[in-house]
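**Student:** Sharing a structure here in structure tokens format.
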Amino acid sequence: MIVPRTRLIVLAGLVLLPMSFLAAQNPEITGFAWAVAIIFFLLAGLDAVNGRRRFEGIRVAVPEIIRLTVDRPGQFPVTISKTSARTGPLRFGIVLPPALVSEKPDLTVELKRENQTYIAVWSCKALCRGRFALTFCHVEIPSAWGAWAVRKKFALESEIRAYPNLVSGQQYLGGLFRRSHWGVRVQRRIGKGREFEQLRDYIPSDSYEDIDWKATARRRFPVTRVYQVEQAQEVYVILDASRLSTRSADYLVEQRRTSRGNQAGSQTSIFERYVIASLIMAMAADQAADQFGLLIFSDKPDCFIKAGRGQAHYNACRDALYNRMPKTVSPDFDELFAFVGTRLRKRALLVFLTNMDDPVITENFLHAMPVVAQKHILMVNMLRPPGAHPLFSSDQIRDESAIYRHLAGHMLWNTMADTRHKLKQHGAGFHLLDKQALCGQLINHYMELKQRQVL
């Protein structure tokens, strides 16, 4: 594709218009004016034909995999190579998916005779997580005489992976990931641990229950077992990707209040917040020397990653989550707990991120969980429904509508309290998490279980 440049338009105005005016005033030079016009068009056509060869030997390439973080500026290199002695400016623009935005629509690179490879940096930002493809890049080069701009579309084969933004909620984590802050408030561990560490000689202050009688018989003097706090315990986050997780995090009461105020509510879904909480939970488990595993389910278990540690394991969990989307199906807890019972042989902490505000789903969960609850530790978590607080816990009542709204919230809170009581009968914990402090509260409950050595 070719388009005229400013130089061609100006030359056309300086050559053709005067010749037309002179031919109209003096018919004797009409032939000369036609000759000048024909020569002008021939030269312009020759420049256009030669301009099609300007892309010979030019290649455009980008990395096969590009990683970005949602709502954070990112960039990736664009490599332009040439095999000829081509010189002059080269302008290019990359066709981005709708979920990506860029401040500059195009970039310009000055080609020089002595350089064969050029690397330009393209800046962009991802608006949502997921996997996207870069398929085309448009390049523009001026013709040899500068009359035309020659354009060509180059095919690209690149995959952009937009990961969740874990930095946005760091103010609610309270320094959990900074070792220098862990000593601000020292918490004593309850108990002495039951994991065997070593044998040592008996001292008078040792308890009789810690004496190893077999080792004592062999050595013929008292020997004591030394225990340490359990390490490398398995922690699994079980993520609900069913229909209730597709709702906006500002649903129910807050959504109605937003619509009455004619303001745009948050479009962040519950599942998005659960994904961020899962990744931060993986970081917390690694800091606590535990093994982290992941299980995503909807109407069936969709993804399962065995518990492990290390950066490679965290990257595997992140790659399993960044492109995962919830489904508009109801969860099947019978199949979920059957899967957990057959795959998880070792006692583990199961952290559920689900939704228990539907009576039918809650009943199915309570019916299917007892078999797994006998072996594992269950910690059920959900976002607090807006307004789900006990009566008289707020002083923001100013009119009659606020009274009815708080009564409805109390009824919802009472339902959640009844669910908590039923789960507690099977040894499972139940927590309502605030949407703004979701990650911090989830990790605090996990650290509390670690302190009590429940596992």
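**Student:** By how many degrees, between 0 and 90 and to the nearest 10, does the Cα long axis of helix 333-343 differ from the longest principal axis of the chain?
**Tutor:** Roughly 80 degrees, rounded to the nearest 10.
**Student:** State to the nearest 20 debye the size of the charge dipole of the chain about its Cα centre, where the only charges are +1 on K and R beta carbons and -1 on D and E beta carbons.
**Tutor:** Details: 60 positive and 42 negative charges, 212 e Å.
Once rounded to the nearest 20, the dipole reads 1020 debye.
**Student:** Along each principal axis of its Cα atoms, how long is the stretch 2-47 end to end? Whole angstroms, biggest number first, please.
**Tutor:** 36, 17, 10
**Student:** List the lysines whose alpha-carbon lies under 18 Å from that of residue 125, not counting same-chain residues fewer than 8 positions away?
**Tutor:** 104
**Student:** How high is the FRET efficiency between residue 14 and residue 113 when r is their beta carbon distance and R₀ equals 41 Å, given to the nearest 0.05? Can you show the working numbers first?
**Tutor:** Values: r = 31 Å, r/R0 = 0.76.
The pair residue 14/residue 113 has a calculated efficiency of 0.85.
**Student:** Find, to one decimal place in angstroms, the Kirkwood hydrodynamic radius of the stretch 234-452, where the mean of 1/r is taken over every pair of different Cα atoms and then inverted.
**Tutor:** Every distinct Cα pair counted, the radius reaches 18.2 Å.
**Student:** What are the residues whose amide H is under 5 Å from the amide H of residue 435, where those residues sit 5 or more places off or on another chain and H is modelled from the backbone?
**Tutor:** 384
**Student:** For the stretch 133-141, what does the Karplus curve 6.51 cos²θ - 1.76 cosθ + 1.60, with θ = phi - 60°, yield as ³J(HN,Hα) per residue in whole Hz, taken in order and with x for Gly and Pro?
**Tutor:** 3J(HN,Hα) across the stretch 133-141, in whole Hz: 10, 9, 10, 9, 9, 9, 10, 10, 10.
**Student:** Which of the aspartates and glutamates could a cross-linker bridge to residue 424, judged by Cα under 16 Å and excluding same-chain residues fewer than eight apart?
**Tutor:** Correct list for residue 424: 363.
**Student:** Short version: ³J(HN,Hα) in whole Hz for each residue of the stretch 92-98, in order, from phi by Karplus 6.51 cos²θ - 1.76 cosθ + 1.60 (θ = phi - 60°), x for Gly and Pro, what are they?
**Tutor:** 9, x, 9, 7, 9, x, x
**Student:** Nearest 20 debye, what's the magnitude of the dipole of the stretch 56-107 about its Cα centre given +1 on Lys and Arg Cβ and -1 on Asp and Glu Cβ?
**Tutor:** 160 debye
**Student:** Now for a different question. Compute the helix-to-body angle for 311-321: its Cα long axis versus the longest principal axis of the chain, expressed 0 to 90° and rounded to tens.
**Tutor:** 70 degrees
**Student:** Calculate the FRET efficiency for residue 393 and residue 95 from the Cβ-Cβ distance with a Förster distance of 60 Å, rounded to the nearest 0.05.
**Tutor:** The pair residue 393/residue 95 has a calculated efficiency of 0.70.
**Student:** Another one. Along the Cα→Cβ direction, 7 angstrom out, place labels at residue 43 and residue 316. What is the inter-label distance in nm?
**Tutor:** 6.9 nm
**Student:** Residue by residue, what Karplus-based ³J(HN,Hα) values in Hz, rounded to whole numbers, does the stretch 205-222 have, using 6.51, -1.76 and 1.60 with θ = phi - 60° and x for Gly and Pro?
**Tutor:** After applying 6.51 cos²θ - 1.76 cosθ + 1.60, I find 7, 6, 7, 5, 6, 8, 6, 8, 6, 5, 5, 5, 5, 5, 8, 6, 8, x Hz.
**Student:** To the nearest 10 degrees, how steep is helix 438-452 against the longest Cα principal axis of the chain, on a 0 to 90 scale?
**Tutor:** Approximately 30 degrees, to the nearest ten.
**Student:** Between residue 425 and residue 154, how high is the FRET efficiency from 1/(1 + (r/R0)^6) when r is the Cβ-Cβ distance and R₀ = 51 Å? Nearest 0.05.
**Tutor:** For residue 425 and residue 154, the calculated efficiency is 0.20.
**Student:** I would also like to ask the following. Please report, in whole Å, how far the alpha carbons of the chain spread along each principal axis, starting with the longest.
**Tutor:** 127, 73, 43
**Student:** At 7 Å along Cα-to-Cβ for each site, give me the label-to-label distance between residue 246 and residue 371 in nm.
**Tutor:** According to this spin-label approximation, the distance is 2.9 nm.
**Student:** What does the highest-first list of 280-289, 399-408, 71-80 look like by mean Cβ count within 10 Å?
**Tutor:** 280-289, 71-80, 399-408
**Student:** A follow-up question, please. So, counting K/R as plus one and D/E as minus one, what does the shell of residues with Cβ under 13 Å around residue 302 add up to?
**Tutor:** On the way: positive: 300, 324, 327; negative: 240, 299, 332, 335.
Residues near residue 302 contribute -1 overall.
**Student:** Show me 409-422, 367-380, 3-16 ranked by packing, highest mean number of other Cβ atoms within 10 Å first.
**Tutor:** 367-380, 409-422, 3-16
**Student:** Ignoring everything except DSSP H segments at least 4 long, calculate the 222 nm mean residue ellipticity for the chain; use -39,500 (n - 2.57) per segment, divide by total residues, nearest 500. Could the numbers behind the result be given before it?
**Tutor:** Details: 11 runs with 152 residues, N = 455.
The per-residue figure over the chain is -10500 deg cm²/dmol.
**Student:** How far apart, in nm, are the 7 Å Cα→Cβ label points at residue 83 and residue 453?
**Tutor:** Result: 7.1 nm between the two label points.
A short reminder: the numbers here are calculations on the coordinates, not readings from a lab. Since this is a predicted model, take the numbers as computed values, not measurements. Quick reminder, even Gly has a Cβ in these numbers, built from the backbone with ideal geometry, and neighbours come from all protein chains shown.
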